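Visitor: Quick one: this structure, given as structure tokens, is what I'll be asking you about.
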4 protein chains.
Amino acid sequence: MPLQMNAEELMAYLEEVFPQVRSDFAVDRLAEMEVDLRLKVADRHLRPGGTVSGPSMFSLADCAVYAITLAMVGRRALAVTTNATIDFMRKPAAGADLIAQCRLLKLGRVLAVGDVLIFSEGEAAPVARASLTYSLPPGGG
Amino acid sequence: MPLQMNAEELMAYLEEVFPQVRSDFAVDRLAEMEVDLRLKVADRHLRPGGTVSGPSMFSLADCAVYAITLAMVGRRALAVTTNATIDFMRKPAAGADLIAQCRLLKLGRVLAVGDVLIFSEGEAAPVARASLTYSLPPGGG
Amino acid sequence: MPLQMNAEELMAYLEEVFPQVRSDFAVDRLAEMEVDLRLKVADRHLRPGGTVSGPSMFSLADCAVYAITLAMVGRRALAVTTNATIDFMRKPAAGADLIAQCRLLKLGRVLAVGDVLIFSEGEAAPVARASLTYSLPPGGG
Amino acid sequence: MPLQMNAEELMAYLEEVFPQVRSDFAVDRLAEMEVDLRLKVADRHLRPGGTVSGPSMFSLADCAVYAITLAMVGRRALAVTTNATIDFMRKPAAGADLIAQCRLLKLGRVLAVGDVLIFSEGEAAPVARASLTYSLPPGGG
């Protein structure tokens with residue numbers, strides 16, 4: 001199944017649906033069933049002490065699975081998260097962007113399942129791992 | 001095991017640790033191993049269309065388990081979330097606060113496990129369900 | 001939404017679909033959107049040392065959500081588990097049955113979400129907590 | 001951090017701790033922080049219709065993370081599962097063994113986190129995805 005959008009079209013669509021996307025996220029790499037999404041870490045994503053907050057990491061993982069799902073099925077803004085599980089494993093590095101490496105493991109008629117590893121840019125050990133399920137609305141774009 | 005703080009002390013401590021708490025959250029009820037935490041829904045918590053965003057609900061669930069854990073063990077700011085699972089079940093009602101009803105199911109030496117149901121205020125059916133594990137730092141206060 | 005089966009009809013149906021049910025499980029209580037399911041603990045459910053194994057507890061939680069879903073929607077054997085999360089919190093008591101207290105939190109057209117607390121019979125503190133999502137096949141009976 | 005056991009030593013130890021291991025599982029590949037574990041599918045693992053049961057897949061994922069954790073830290077039988085999340089994505093192929101490809105993403109002092117993809121042997125698309133957390137007992141061997 002081929003991609004329905006390239007990285008530019010995907011970002012344009014995400015910005016249309018979620019206005020905060022432009023300032024928060026960037027698509028670093030897009031391929032069939034895979035995306036690398038960057039969180040451009042800014043003060044509003046930080047906890048006191050300088051580490052990226054849990055909700056910001058949740059948001060990055062959620063947006064990554066949403067992005068690759070839309071890139072595969074085309075414009076279906078109404079896809080909704082039904083389940084998310086996240087393991088926080090290490091403290092993010094201060095002052096570094098976060099990169100979510102996301103694979104879509106299943107893209108069914110009704111459900112899509114994605115798997116995410118989150119890294120502080122330049123680090124080898126992941127800071128978090130997440131899996132999310134999206135429910136797809138009936139019909140196409 | 002009795003509470004180590006009352007609702008006022010808990011809010012004061014949360015605000016000290018997470019400055020955004022004052023504007024986002026309020027403790028509606030506090031009891032042994034239980035807390036009801038309110039998300040004072042504002043524009044910044046909303047998706048286009050007026051529904052509360054997933055990361056805002058994640059943040060509410062996470063803060064509820066953190067709050068009741070601290071209320072039980074006393075000031076140990078360094079407790080960190082290690083795992084979170086959230087099921088999004090219904091669309092939140094527009095214009096209503098969200099209430100997280102949280103129970104601590106386990107409070108061990110090393111791990112605490114909490115369980116959360118999130119409701120739109122005044123609605124009977126939950127919008128989301130979450131469970132979170134916190135890792136507790138060694139030692140007390 | 002009323003129950004489509006009583007406890008006897010539910011057990012008969014479960015035994016038809018999963019032959020091992022008769023020897024493993026019993027319906028202790030059945031109500032709208034709620035079931036208490038008992039695991040009749042036997043040697044085959046135990047780890048060395050006498051504690052009930054993780055897969056046996058998983059199986060109990062999974063069967064409880066399946067049972068209450070079928071009791072609510074009627075005979076639709078093809079409902080399948082899509083996601084399960086389980087927190088193991090305490091060691092089960094030796095020589096005691098396990099009781100799963102299960103609530104269905106959502107019963108949608110496509111997905112059902114259930115929430116389970118597992119207790120060693122006679123104990124107040126839960127040994128495990130689980131949440132499961134079932135995907136429902138289109139159509140009724 | 002190097003492996004503390006080779007595949008033969010690992011299997012011997014697993015069989016000592018869990019007697020059923022010999023008949024159910026085989027170590028196909030063992031490397032630093034990684035193991036491929038095979039479920040030798042037999043009638044007792046099947047649902048009516050010939051598909052591998054959910055509890056059997058749970059058991060495979062659980063055993064894979066346990067195995068690689070022990071292989072890395074040495075003989076610490078008392079490691080216990082604290083959290084498991086599993087997404088069931090496709091029906092396993094009839095008559096095929098299941099292979100769990102497991103990576104340890106974190107091996108901390110207190111917690112280990114592993115990530116598992118389960119495949120029907122010879123198929124490219126995973127049937128399930130799981131992540132599990134183990135709590136490690138204090139001290140070594």
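Visitor: Taking the criterion of being open to solvent by 20 Å² or more (accessible area, probe 1.4 Å), within 28 Å of A:Met89 (Cβ to Cβ), within 14 Å of chain C (Cβ to nearest Cβ) and in a helix (DSSP H, G or I), would at least one residue in region D:10-22 satisfy it?
Guide: Yes: region D:10-22 contains one or more residues that are open to solvent by 20 Å² or more (accessible area, probe 1.4 Å), within 28 Å of A:Met89 (Cβ to Cβ), within 14 Å of chain C (Cβ to nearest Cβ) and in a helix (DSSP H, G or I).
Visitor: Just the residues that are away from every other protein chain (no Cβ under 12 Å), modelled with pLDDT of 90 or more and part of a loop (DSSP other than H, G, I, E, B), please, taken from region D:23-50.
Guide: D:Glu32, D:Lys40, D:Val41, D:Ala42
Visitor: Looking at A:Pro138 and the list (1) within 12 Å of another protein chain (Cβ to nearest Cβ); (2) closer than 28 Å to A:Leu46 by Cβ; (3) part of a loop (DSSP other than H, G, I, E, B), which single condition is not satisfied?
Guide: (2)
Visitor: I would also like to ask the following. Can you tell me how many residues in region D:108-132 are of a type in the set (A, V, I, L, M) and either open to solvent by 10 Å² or more (accessible area, probe 1.4 Å) or without any contact (Cβ under 8 Å) to a residue 40 or more places away in the chain (or both)?
Guide: The number of residues fulfilling the criteria is 6.
Visitor: Identify the residue in region C:83-107 that is part of a loop (DSSP other than H, G, I, E, B) and within 8 Å of chain B (Cβ to nearest Cβ) and, among all such residues, is most open to solvent (accessible area, probe 1.4 Å).
Guide: C:Arg90
Visitor: Restricting to region C:64-82, name every residue that is within 11 Å of chain D (Cβ to nearest Cβ), open to solvent by 10 Å² or more (accessible area, probe 1.4 Å) and under 16 Å from C:Met5 (Cα atoms).
Guide: C:Ala77 - this is the single residue of region C:64-82 that is within 11 Å of chain D (Cβ to nearest Cβ), open to solvent by 10 Å² or more (accessible area, probe 1.4 Å) and under 16 Å from C:Met5 (Cα atoms).
Visitor: For A:Pro55, are the conditions met, namely being surrounded by fewer than 24 Cβ atoms within 10 Å (Cβ to Cβ), closer than 23 Å to B:Met89 by Cα and either at pLDDT below 95 or not hydrophobic (A, V, I, L, M, F, W, C) (or both)?
Guide: So A:Pro55 passes the test.
Visitor: In this structure, is C:Ser120 more than 12 Å from chain B (Cβ to nearest Cβ) and farther than 30 Å from C:Arg76 by Cβ?
Guide: The answer is yes for C:Ser120.
Visitor: Something else about it: Residues B:Arg76, B:Arg103: which one is touching a residue at least 40 places away in the same chain (Cβ under 8 Å), of a type outside the set (Val, Ile, Thr) and touching a Pro at 6+ places or on another chain (Cβ under 7 Å)?
Guide: Residue meeting the stated conditions: B:Arg76.
Visitor: Further, regarding this structure: Which pairs turn up if I take residues in region D:36-63 that are over 18 Å from D:Ala26 (Cβ atoms) and look for partners that are open to solvent by 10 Å² or more (accessible area, probe 1.4 Å) and among the β-branched types (Val, Ile, Thr) with beta carbon separation below 6 Å, at least 6 apart in sequence or on another chain?
Guide: Here the result reads D:Gly54/C:Thr81, each pair linking region D:36-63 to a residue that is open to solvent by 10 Å² or more (accessible area, probe 1.4 Å) and among the β-branched types (Val, Ile, Thr).
The values are calculated or read from the model by the stated rules, or taken from the named source; none is laboratory data. Computed from a predicted structure; not experimentally measured. Positions of Cβ are generated from backbone atoms using ideal geometry, with glycine treated the same way; all protein chains shown enter the neighbour counts. We work out accessible area using only protein heavy atoms, side chains counted, and drop any ligands, DNA or RNA first. Shrake-Rupley method; radii C 1.70, N 1.55, O 1.52, S 1.80 Å.
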